[in-house]
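Undergrad: The structure follows.
The values are calculated or read from the model by the stated rules, or taken from the named source; none is laboratory data. None of these values were measured; they are calculated from a predicted model. With ideal geometry, Cβ positions are generated from the backbone for all residues, glycine too; neighbour counts draw on all protein chains shown.
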Amino acid sequence: MKQFLSFVKKEFYHIGRDKRTLFILLGMPVVQILIFGFALTNEVKNSKIAVLDNSKDEASNALISQLDASRYFDLEKNLVSFNQVEEEFKRGKIKLAVIFPEHFSEDLLHLNKAQVQLIADASDPNVANTLINYASAIIMDYQSRITGNRKLPYTINTEMRMLYNPQLKGAFNFVPGVMAMVLLLVCTMMTAITIVKEKEMGTMEIMLVSPMRPQLVVLAKAVPYLLLSIVNIITILLLSVFVLELPINGSLTLLMSESILFTVVSLSLGLLISTGAASQQTAMFISLVALFLPTIMLSGFMFPVENMPLPLRIISNIVPAKWYYSIVKSVMIKGLGLQAIWKETLILGGMMVFFLTLAIKKFKIRLA
Amino acid sequence: MTGDKVITADKLTKRYGDFVAVDHISFEVHKGEIFGFLGANGAGKTTAMRMLCGLSLPTSGKATVAGFDVYRENEKIKQNIGYMSQKFSLYEDLTVKENMRFYGGIYGMSDAFIKNKTASILDQLHLQKEGNKLVKALPLGWKQKLAFSVAIFHEPGIVFLDEPTGGVDPVTRREFWNMIYQASESGITIFVTTHYMDEAEYCNRVSIMVDGKIEALDSPAQLKKIYEAGSMEDVFLQLARKAVRAAD
């Protein structure tokens, strides 16, 4: 135990003396959360629109002012002829054009049927879709208000509810993703690098000649990074609750335990990489290519896994972050308990045992 | 224990596939002796030493260190040996005292022992003022002497030194060897590999390895007599020229 503590203490000296790395390790989650929270957002706000109002009557005016009043749209320009529509799109300023035909109010009130044309810039298909949906929703809303008490013979009213995330905040999606990314980076890459560094410096040999058990060396290397990761988890949670106003709907204890489980999986991966890598650069490269990229691409955080071709969907199952991401979403956002995520937990637990055994075993073989 | 023999090797062999790195070497080292282990690059010195330290498992043959078998009792061997590798082995970003506390700690020494020992080493090396300095701020010669002190910090019976004086100036090397003599007088057995033939002269006995085999083993004076050479350098060159294996 005393050996172990001396070792852990030494690791903390290393981490503490390297101020720049420490700063990056502790600052990274803050920066990532803030960047994802405020700069990179896939919510569509204040999109510029142009309106061509050929009827200029009560109904069209009311609709236009409602579109303009919503936080999704800003009225950029009133057009006078249809020819201008394409010009405006080409200029690239507007994302959506709304066109009212002549006699809009009359048609609406007397024929019970009026048309509005929505033209979107689909060079970015997701944005175009979202804008069309927003605009349609506003128009529907207006329609239901003017029809009011007057019963139409047949209408189907769709009532939509966005479960768990009624405001469609992007933060619900990326906070779990950032947690997975940061933990993976801190644990896997840093553990791999720090062990390989001892190999490069020749101090690992000294350690192996000492009576300290190799398993203990490996564990002592991992402990400080486990603690650092817990600090990071807490930072991320505090930021998301108090800065991004994201609620933690489920049990905090469960969320923390699952995060620690994922941290240990990442640590074991780092140990495993360190047994195979001969230099710090190799360790870093393997961590980035083998872990970081798949985490971003295959965990479902950036791109939905369901839409991927079958081979990628199969590969995504061996990415630990995929399971963790799903756990965090379930616990933090949906407020579910262990019974909903036991499968993911079991998979992560299995991965932990597998990677850790393999790492310690490979580490011992090097001794023989 | 076999009398005062602290290291014995009997037909010790290490094979990597077809390549025989260490080929049936046999020798004995006595308590308190300074045993020089010479050989060109790639002759198999380091591999042999790693087997004795328990870092590498022999393919065949027998060996004991401090009376313990290298196959079965390497944990006990580790308690009884110190080791200083070719690479400089202190932590540059730790202070001198922190390094000693760390190495004392992993050998399970008590706090009181570590404190006393640290003070006496700093005294001996005249580094009292540098105790709280980071190791990277010290000149190479001091680091090397410090590394040796750390290798025998836990007062082992045997210390293995793998080319300990690489890249050090002659004066420091001389001082380093004075430390080795002191350690040997206090009863520590020294097993040292080196490239410097003047250092070979300081050893009680030397063995010269060529292509994985021990070609000669005797006191420097005897070897010079047998090979009719004026210096250990001549002895070494006569033997090393026979090598067919390319240096690595």
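Undergrad: Could you pull out the residue among A:Phe23, A:Phe36, A:Phe7 that is in a helix (DSSP H, G or I) and either in contact with a Phe, Trp or Tyr (Cβ under 7 Å, 6 or more places away or on another chain) or within 30 Å of A:Phe100 (Cα to Cα) (or both)?
TA: A:Phe36
Undergrad: Moving on. Please work out which one of (1) within 25 Å of A:Met302 (Cβ to Cβ); (2) in a helix (DSSP H, G or I); (3) of a type outside the set (D, E, K, R) is the condition A:Ile230 fails and give its number.
TA: (1) is the only condition that A:Ile230 fails.
Undergrad: Quick check, is A:Thr253 more than 24 Å from A:Lys362 (Cα to Cα), in the same structural domain as A:Pro176 (by TED's automatic domain parsing) and surrounded by fewer than 16 Cβ atoms within 10 Å (Cβ to Cβ)?
TA: In short, yes.
Undergrad: Still on this structure, please answer the following. Identify, by number, the condition in (1) within 36 Å of the chain's Cα centre (by Cα); (2) assigned by TED's automatic domain parsing to the domain that holds A:Arg213; (3) surrounded by 12 or more Cβ atoms within 10 Å (Cβ to Cβ) that A:Arg20 doesn't meet.
TA: The single condition A:Arg20 does not satisfy is (3).
Undergrad: So which pairs qualify, if the first residue must be in the range A:276-289 and outside the structural domain of A:Ile195 (by TED's automatic domain parsing), the second must be at pLDDT 85 or above and aliphatic (A, V, I, L, M), the Cβ gap must be under 8 Å, and the two must be at least 6 apart or on different chains?
TA: Going by the 8 Å Cβ cut-off, there are no qualifying pairs.
Undergrad: Give the residue, chosen from B:Gly54, B:Gly82, that is in contact with a helix residue (DSSP H, G or I) (Cβ under 9 Å, 6 or more places away or on another chain) and over 15 Å from B:His154 (Cβ atoms).
TA: Among B:Gly54, B:Gly82, only B:Gly54 is in contact with a helix residue (DSSP H, G or I) (Cβ under 9 Å, 6 or more places away or on another chain) and over 15 Å from B:His154 (Cβ atoms).
Undergrad: Give just the number: which of (1) touching a residue at least 40 places away in the same chain (Cβ under 8 Å); (2) within 14 Å of chain B (Cβ to nearest Cβ); (3) farther than 30 Å from A:Gln215 by Cβ does A:Arg20 not satisfy?
TA: (1)
Undergrad: Considering only residues that are of a type in the set (S, T, N, Q) and more than 13 Å from chain A (Cβ to nearest Cβ), look in the range B:97-143 and name the one that is farthest from B:Phe176 (Cα to Cα).
TA: Filtering first and then ranking leaves B:Asn116.
Undergrad: A further question follows. Please determine, by comparing only the residues of the range B:1-28 that are of a type in the set (A, V, I, L, M, F, W, C) and over 21 Å from B:Lys78 (Cα atoms), which one is surrounded by the most Cβ atoms within 10 Å (Cβ to Cβ).
TA: Taking the range B:1-28 as the starting set, the residues that turn out to be of a type in the set (A, V, I, L, M, F, W, C) are B:1, B:6-7, B:9, B:12, B:19-22, B:25, B:27.
From the residues that got through so far, the ones that are over 21 Å from B:Lys78 (Cα atoms) too are B:19-22, B:25.
On the way: B:Phe19: 9, B:Val20: 17, B:Ala21: 22, B:Val22: 27, B:Ile25: 23.
Filtering the range B:1-28 for residues that are of a type in the set (A, V, I, L, M, F, W, C) and over 21 Å from B:Lys78 (Cα atoms), the one surrounded by the most Cβ atoms within 10 Å (Cβ to Cβ) comes out as B:Val22.
Undergrad: Which members of the range B:35-74 meet the condition of being buried (at least 22 other Cβ atoms within 10 Å of the Cβ) and in a strand (DSSP E or B)?
TA: Correct list: B:Phe35, B:Gly36, B:Phe37, B:Leu38, B:Gly39, B:Ala63, B:Val65.
Undergrad: Answer yes or no as to whether B:Gly167 is surrounded by fewer than 20 Cβ atoms within 10 Å (Cβ to Cβ) and either more than 20 Å from B:Gly39 (Cβ to Cβ) or not aliphatic (A, V, I, L, M) (or both).
TA: Taking the combined requirement at face value, the residue satisfies it.
Undergrad: Kindly indicate whether A:Glu102 is in a helix (DSSP H, G or I) and either among the acidic types (Asp, Glu) or in contact with a Leu (Cβ under 6 Å, 6 or more places away or on another chain) (or both).
TA: No; evaluated as a whole, the condition is false for this residue.
Undergrad: Do you know which residues across the range A:310-368 are among the small types (Gly, Ala, Ser) and either in a helix (DSSP H, G or I) or more than 30 Å from B:Ser56 (Cβ to Cβ) (or both)?
TA: Looking only at the range A:310-368, we keep the residues that are among the small types (Gly, Ala, Ser), and these are A:316, A:321, A:326, A:330, A:335, A:337, A:340, A:349-350, A:359, A:368.
Listed by number, the residues that qualify are A:Ser316, A:Ala321, A:Ser326, A:Ser330, A:Gly335, A:Gly337, A:Ala340, A:Gly349, A:Gly350, A:Ala359.
Undergrad: A further question follows. If we keep just the residues of the range A:203-224 that are under 19 Å from B:Gln79 (Cβ atoms) and of a type in the set (S, T, N, Q), which is nearest to the other protein chains (Cβ to nearest Cβ)?
TA: The residue in question is A:Ser210.
Undergrad: Any residue at all in the range B:158-168 that is at pLDDT 85 or above, in contact with a strand residue (DSSP E or B) (Cβ under 9 Å, 6 or more places away or on another chain), assigned to a helix (DSSP H, G or I) and among the hydrophobic types (A, V, I, L, M, F, W, C)?
TA: There is no residue in the range B:158-168 that is at pLDDT 85 or above, in contact with a strand residue (DSSP E or B) (Cβ under 9 Å, 6 or more places away or on another chain), assigned to a helix (DSSP H, G or I) and among the hydrophobic types (A, V, I, L, M, F, W, C).
Undergrad: Still on this structure, please answer the following. Exactly one of (1) surrounded by 15 or more Cβ atoms within 10 Å (Cβ to Cβ); (2) over 30 Å from A:Phe174 (Cβ atoms); (3) in the same structural domain as A:Ala122 (by TED's automatic domain parsing); (4) in contact with a Phe, Trp or Tyr (Cβ under 9 Å, 6 or more places away or on another chain) is unmet by A:Lys56. Its number?
TA: Checking A:Lys56 against (1) surrounded by 15 or more Cβ atoms within 10 Å (Cβ to Cβ); (2) over 30 Å from A:Phe174 (Cβ atoms); (3) in the same structural domain as A:Ala122 (by TED's automatic domain parsing); (4) in contact with a Phe, Trp or Tyr (Cβ under 9 Å, 6 or more places away or on another chain), the one that fails is (1).
Undergrad: Would it be correct to say that B:Phe176 is assigned to a helix (DSSP H, G or I), touching a Lys or Arg at 6+ places or on another chain (Cβ under 7 Å), of a type in the set (Phe, Trp, Tyr) and without any contact (Cβ under 8 Å) to a residue 40 or more places away in the chain? Give the derivation first.
TA: On the way: assigned to a helix (DSSP H, G or I): yes; touching a Lys or Arg at 6+ places or on another chain (Cβ under 7 Å): yes; of a type in the set (Phe, Trp, Tyr): yes; without any contact (Cβ under 8 Å) to a residue 40 or more places away in the chain: yes.
Yes: the conditions hold for B:Phe176.
Undergrad: Given (1) at pLDDT 90 or above; (2) surrounded by 21 or more Cβ atoms within 10 Å (Cβ to Cβ), where does B:Lys31 come up short, assuming only one miss?
TA: If we test B:Lys31 against (1) at pLDDT 90 or above; (2) surrounded by 21 or more Cβ atoms within 10 Å (Cβ to Cβ), just (2) comes out false.
Undergrad: Given the criteria under 19 Å from the mean Cα position of the chain (by Cα) and either part of a loop (DSSP other than H, G, I, E, B) or surrounded by fewer than 22 Cβ atoms within 10 Å (Cβ to Cβ) (or both), does B:Glu228 qualify?
TA: Spelling it out, it is not the case that B:Glu228 is under 19 Å from the mean Cα position of the chain (by Cα) and either part of a loop (DSSP other than H, G, I, E, B) or surrounded by fewer than 22 Cβ atoms within 10 Å (Cβ to Cβ) (or both).
Undergrad: Taking the stated definitions as given, is A:Lys93 assigned to a strand (DSSP E or B) and touching a residue at least 12 places away in the same chain (Cβ under 8 Å)? Reasoning before the result, please.
TA: Details: assigned to a strand (DSSP E or B): no; touching a residue at least 12 places away in the same chain (Cβ under 8 Å): yes.
No: the conditions fail for A:Lys93.
Undergrad: Just for the range A:23-33: of the residues that are of a type in the set (A, V, I, L, M, F, W, C) and surrounded by 14 or more Cβ atoms within 10 Å (Cβ to Cβ), which one is farthest from the other protein chains (Cβ to nearest Cβ)?
TA: Among residues in the range A:23-33 that are of a type in the set (A, V, I, L, M, F, W, C) and surrounded by 14 or more Cβ atoms within 10 Å (Cβ to Cβ), the one farthest from the other protein chains (Cβ to nearest Cβ) is A:Ile33.
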